[in-house]
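These notes are about the structure you will find just below.
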Amino acid sequence: MAEHHDTAPGSAPANVLSRRDFADRVLRAAATPERIADVVARIVGERIEIGPVPVALDGLVRATAIAEAGPVHAVRCDCGPWDMTIAVPILLRLRVRLPGRTLRYIGAARVLIRLALIPREPCGLFLRTDEVHADDLTIRMRARDLTSRLAGGIGRVESTVAEHILRYIDELFAGPAFGGIRDIDIADIIDRAWDAGLVLRFPDRAAS
């Protein structure tokens, strides 16, 4: 709870903010990096299944990836058009099925998502995300056994998996899962907090 300062009637407190600074602080308080990271983690989920997808030989070689998302991390960006950069780490397990054998790989990926907080009428906040590009994804795969290592072709496998991860993330943030929470109604949040008695707390006169 904020520290209380006695102020004489008709006077103003010493620590006055400009309306612009106040609005900026309200937006930052409403959408902290920790809250945004939690929202993104809920949308991405803990487990992602990709495939089977064709890799080579007109579909005879197919890959299936199981991805597990790690802790999502968001940081503020105080320059440029984006307010936050969100990093989603992903642990990958991959099977590539060839005629007569299966190759196995493990790896890790990281997806960067940029987000902007846009004030909008009458008193709301719109969360805008940038399209995820190939440069926003880093991925590294390695063979789990000697057979898989000798088979080679890891570069093609990495590029195929990367393409499907990017498509999956783009579809998530363009779809209803994120669309339903893009708009934050700040006025409604304040109304509900006020009605619940969380804004002003009067001393218990009976106790005194």
Per residue, how large is the accessible surface of the chain? Use a 1.4 angstrom probe and give square angstrom.
67 Å²
For the chain, build the charge dipole from Cβ charges (+1 Lys, Arg; -1 Asp, Glu) around the Cα centre, then report which of HIS133, ILE154, ILE90 sits farthest towards its positive end.
ILE154
Out of the total accessible area of region 136-198 (probe 1.4 Å, heavy atoms of protein only), what percent is carbon and sulfur?
54 percent
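Translational D (Stokes-Einstein, µm²/s) of region 37-132 at 37 °C and 0.692 mPa s when Rh comes from the Kirkwood sum over C-alpha pairs? Can you show the working numbers first?
Values: Rh = 15.7 Å.
After rounding, the answer is 209 µm²/s.
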Gyration tensor over alpha-carbon atoms, region 106-167, equivalent ellipsoid semi-axes in Å:
39, 9, 7
Evaluate Rg over Rh across the chain, taking Cα atoms for both radii and Kirkwood's formula for Rh.
1.18
³J(HN,Hα) computed for each position of region 68-77 - Karplus, 6.51 cos²θ - 1.76 cosθ + 1.60, integer Hz, glycine/proline x
10, 7, x, x, 7, 10, 10, 10, 6, 10
Roughly how many percent of the accessible protein surface of region 46-135 is carbon and sulfur, given a 1.4 Å probe and a whole-percent answer?
53 percent
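The values are calculated or read from the model by the stated rules, or taken from the named source; none is laboratory data. Quick caveat: nothing in here was measured; it's all calculated off a predicted structure. All Cβ positions, glycine included, derive from the backbone under ideal geometry; neighbour counts span all protein chains shown. Please note that ligands, DNA and RNA were not included when accessible areas were found on the heavy atoms of the full protein model with its side chains. Shrake-Rupley method; radii C 1.70, N 1.55, O 1.52, S 1.80 Å.
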